[in-house]
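Before I ask anything, here is the structure I am working with.
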Amino acid sequence: MTSEPLIHTRADWVRGIAQGGWRKTGLLFCLFVAFYLLTAAGNISETDDVYAFAYRAENFPVDYLSDPRLMLYHISMRLLFLASGLLGWDVSALVLMRGFSAVCAAASLLLLMRIVFVDLKLSAATAVVSAAVLGCSYGFWRYAAEAEVYVPAIFLILLVFHSLVRITSGTRDDVSGLFLSAGCGVISGITVLFYQPSVIPLFFAFPFLLLYRARLFHLGVYGVTGGAVVISGYLLGFFAFWPEPFSLAAFEAFLSQRSSEFIVPTFSLKTLVVSMIRSAFAIGHDLVSMNWVFAFDPVIALIQQAFSYHIIDEEVFSARRAGFLVYLPIVTVVALATVSLRILVVLGIPSITFLKQRPFLVIFLWTAINGAVVGRLNPGGLEAWIMVFPPLILLFAALVVEPCMRMGRGAWVVAFAVVLSLHNAVGGMALVRDPAHEYARVVGAWVIDEAKSEDLVIVTGDASLGESLRYLSAAQVAFVGEFQAPVISARLLDGDLSDLATRTKGRDFDGVPLHELIETTWRADGRVIFLERFFEVPRGFKRENWPEFELTSVLRAQLEQVHDNPDVGGTYLLSEPLQ
């Protein structure tokens, strides 16, 4: 007797959201935002770019467009930070950007429910469960309140999809439909400028929603307006930032400033298999957090073999300080596997006849095309795969959730969402809750607490550490290659930096002569700071095969040690030339 009112209540809530009821929508929106902000990670070490993006928002001018892939995102975050200052708010860019993502995450979940219930015409219960699965999947949850571009981009993409489906529903006349098509094109163009890889679903999958005789003109309007916004935006960016006169070669150079970050191996059967393994792990981790497995040595060895180019120091460091928490996920994983197996038994062979409907076919294309691109360019990129989760969840809604609801077995998919949220809470978010377990904060503890603006930190081999210290400390940071350490040591021991050819590396700080930075530091009575890693042979190499690294040990003996941590080593100072 108690289940019927619950079903009506749930359906009423989803219907109210779908129909634009502002009270129910507003309440859920506030609850979602609060949830993500309250559960936000304190340990940011597993992210790739958060500190770099926050530093850019606080320090770089609006027209500094060195990253066209996220051109409009960086501009927006800089303007958001400047606006907060004009309002008298003493808030860091990091906090503002995380709040912005939380707002977009809440809006994305509400929009997903509307798409499932209104556009795809599935049940209210399916809409709620689908939103819950996306909302508590580890990748989405982890980045829902993070200073990153992914969740805001997801919201914009879902908004365009929903609007295009509305055009095809036949509920609008030609004039309003054309205006909506133009509006969708504008939003799509803005989204591409916001996050360049958004072009994959927006212009290679979504146009198929309009690819039929009655909507061909709408398709043309969508494509032309979207393309015009993208081209105009990048041209404005080029003229605002690029130093060379306009030419196709110069324009291509402007757009491809970050292309060197992607190393695409030659296609072969081996690379295909390796990419599939990496993709499976990344997708699995974005759904079901694997943070806890980094506490176990055998698993670490396997992951290092499969992800040889990834540095997992941060994940291992955090997991090994989580105590008993790393064992609780074993229980939730078993429970999740049990529930998943039961769902498979209940479903049997699922029907895919729903793919005959155009929106579902487009969702399938969205998943396939986007997945193929990520799988080829960045198969192990945990962040990149987050962008594929919205269409995956929409397919999951039609393929799994809705059939279970119709068979009266909806309790199993509800159980799946509940157990998934419990697992990702204890095995994911709880492990990144404490900022004291953040690798960069522990390694650079003295630098963060004691360094001054006149000081210079030389970081080798770990760009993420360098970007973290640049944002968290007052010191200047110079990031250089690991094999430069012996060269730098030799010049410092000689007391003559005139022939030191080493230059800094890293985005936006590339190519600065290191000797100039060191000399400027000493002239300002600053100190040159070294961390333990500077004196170590790079991973994968044996010290006996690199005798020149003995120079780093000689240099260390001449430095003043000001801090020591048994887990990550010491911090050392050089306040003046040795000779």
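The values are calculated or read from the model by the stated rules, or taken from the named source; none is laboratory data. All values derive from a computational prediction rather than experimental measurement. So basically every Cβ, Gly included, is an ideal-geometry build from the backbone, and we count neighbours across all protein chains shown. Ligands, DNA and RNA are excluded from the accessible area calculation, which covers all protein heavy atoms including side chains. Shrake-Rupley method; radii C 1.70, N 1.55, O 1.52, S 1.80 Å.
Distance between Cα centroids, the range 143-198 to the range 366-386: provide it in whole Å.
The range 143-198 and the range 366-386 have Cα centres spaced 20 Å from each other.
OK, next. For the range 438-574, what is the accessible area per residue in Å² when the probe is 1.4 Å?
Accessible area per residue, the range 438-574: 44 Å².
Per the 1.4 Å probe, what fraction of the accessible area of the range 435-579, in percent, lies on carbon and sulfur atoms?
In the range 435-579, the share of accessible area belonging to carbon and sulfur is 46 percent.
Rounded to the nearest 10 degrees, what's the angle between the helix 93-114 long axis and the longest principal axis of the chain, both from Cα atoms, 0 to 90?
20
For every helix of n ≥ 4 consecutive DSSP H residues, a contribution of -39,500 (n - 2.57) applies; sum these over the chain, divide by its total residues, and give [θ] at 222 nm rounded to the nearest 500 deg cm²/dmol.
Using -39500 (n - 2.57) per qualifying helix, the result is -18500 deg cm²/dmol.
Distance from a point 7 Å along Cα→Cβ of ILE231 to each backbone N in the range 172-193: keep the residues under 19 Å and list them by number.
Hits in the range 172-193 for ILE231 at 19 Å: 182-193.
Over the range 269-427, what percent of the accessible surface lies on carbon and sulfur atoms, probe 1.4 Å?
On the range 269-427, the fraction of accessible area on carbon and sulfur atoms equals 74 percent.
How large is ³J(HN,Hα) for each residue in the range 503-510, as worked out from phi by the Karplus curve 6.51 cos²θ - 1.76 cosθ + 1.60 (θ = phi - 60°), to whole Hz, x for Gly and Pro?
10, 5, 10, x, 4, 6, 10, 8
Here's something else I'd like to know. What ranking, highest mean first, results for peptides 257-270, 280-293, 403-416, 494-507 when packing means the other Cβ atoms within 10 Å averaged over each residue?
Going by the mean number of other Cβ atoms within 10 Å, highest first, we get 280-293, 403-416, 494-507, 257-270.
I'm a student and want to see the number: the projected area of the Cα convex hull of the range 10-112, averaged over all directions, in nm².
8.4
While we're looking at this one, here's another question. Net charge within 9 Å of ASP67 by Cβ-Cβ distance, Lys/Arg positive one each and Asp/Glu negative one each, not counting ASP67 itself?
Around ASP67, the charge tally is +3.
Using only Cα atoms and rounding to the nearest 10 degrees, what angle (0 to 90) does helix 124-136 make with the longest principal axis of the chain?
Between the helix axis and the principal axis of the chain, the angle is about 0 degrees.
Take the alpha carbon atoms of the range 227-293, find their center, do the same for the range 469-525, and report the distance between the two centers in whole angstrom.
29
Starting from the Cα of VAL418, step 7 Å along the direction of its Cβ; do the same at ASP508; then give the gap between the two resulting points in nm.
So the label points at VAL418 and ASP508 sit 4.5 nm apart.
Between THR271 and LEU361, what is the spin-label point distance in nm, taking each point 7 Å from the Cα along the Cα→C-beta axis?
For THR271 paired with LEU361, the spin-label model returns 3.3 nm.
Another question about this same structure. Could you do me a favour and compute the accessible area per residue for the range 269-427, 1.4 Å probe, result in Å²?
Heavy-atom accessible area per residue stands at 47 Å².
Tally Lys/Arg at +1 and Asp/Glu at -1 over every other residue whose Cβ is under 12 Å from the Cβ of PHE262; what's the total?
Surrounding charge for PHE262 is +2.
How compact and how long is the range 407-460, expressed as Rg and Dmax of its alpha-carbon atoms in Å?
21.1, 69
Kindly write out, for the range 290-301 in residue order, the coupling ³J(HN,Hα) from the Karplus curve 6.51 cos²θ - 1.76 cosθ + 1.60 (θ = phi - 60°), rounded to whole Hz, with x marking Gly and Pro.
10, 3, 5, 5, 6, 8, 10, 4, x, 5, 4, 4
Return the long-range amide H neighbours of VAL288 (sequence gap of 5 or more, or a different chain), with a cut-off of under 5 Å between placed amide H atoms.
When sequence neighbours closer than 5 places are left aside, the close amide H contacts are TYR138.
Roughly what angle does helix 216-241 make with the longest principal axis of the chain, taking Cα atoms, 0 to 90 degrees, to the nearest 10?
20
Here is a further query. Put one equal scatterer on each alpha carbon of the range 269-427, apply the Debye formula with no solvent term, and list log10 I(q)/I(0) at q = 0.10, 0.11, 0.13 1/Å to two decimals.
Normalising to I(0) and taking log10 leaves -0.45, -0.54, -0.75.
Could you calculate the FRET efficiency of ALA34 with ALA524 from 1/(1 + (r/R0)^6), where r is the beta carbon distance between them and R0 is 30 Å, rounded to 0.05?
That pair, ALA34 with ALA524, gives E of 0.10.
Can you give the direction-averaged projected area of the convex hull of the alpha-carbon atoms in the range 94-161, in nm²?
4.0
Next question. Size of the range 438-574 along its principal axes in angstrom, Cα-based, largest extent first?
On the principal axes, the range 438-574 reaches 36, 35, 30 Å in Cα extent.
While we're on this one: How high is the relative contact order of the range 7-257? Use alpha-carbon pairs under 8 Å, at least six apart in sequence, and give a whole percent.
About 22 percent, as a whole number.
Something else now. With the other protein chains left in place, how much accessible area per residue, in square angstrom, belongs to the range 7-257 at a 1.4 angstrom probe?
40
Under the Kirkwood approximation for Rh and a Cα-based Rg, what ratio Rg/Rh is obtained for the chain?
Checking Rg against Rh, the ratio lands at 1.00.
If Lys and Arg each add +1 and Asp and Glu each add -1, what is the summed charge of the other residues whose beta carbon sits under 15 Å from the beta carbon of VAL537?
Summing Lys and Arg as +1 and Asp and Glu as -1 gives -2.
Return the lysines within reach of LYS24: Cα separation strictly under 26 angstrom, same-chain partners fewer than 8 residues apart disregarded; answer none if there are no such residues.
Cross-link targets: LYS121.
Extent of the range 199-354 along each principal axis, from alpha carbon coordinates, in Å, largest to smallest?
Reported extents, whole Å, longest axis first: 58, 48, 33.
A follow-up question, please. Suppose R0 equals 45 Å; then what is the FRET efficiency for LEU248 and ALA368 from their Cβ-Cβ distance, rounded to the nearest 0.05?
Calculated transfer efficiency: 0.90.
If you average 1/r over all unlike Cα pairs in the range 346-410 and invert the result, what Kirkwood radius do you get in angstrom?
Roughly 13.0 Å, rounded to one decimal.
While we're here: Roughly speaking, to the nearest percent, how much of the range 16-157's 1.4 Å accessible area is carbon and sulfur?
For the range 16-157, the apolar C and S fraction of the accessible surface comes to 69 percent.
Any idea how far apart TYR327 and GLN579 come out in nm if each label point goes 7 Å out from Cα toward Cβ?
Between TYR327 and GLN579, the simple spin-label model gives 5.8 nm.
Alpha carbons only, please: Rg and Dmax for the range 239-291, in angstrom.
Radius of gyration, then largest Cα-Cα span, for the range 239-291: 18.3, 49 Å.
Further question on the same structure: So what is the diffusion coefficient of the range 131-224 in µm² per second by Stokes-Einstein at 10 °C and 1.306 mPa s, using a Kirkwood Rh over Cα pairs?
For these conditions, the coefficient is 113 µm²/s.
Averaged across orientations, what area in nm² does the convex hull of the alpha carbons in the range 7-257 project?
Its Cα hull, projected and averaged over all orientations, spans 15.5 nm².
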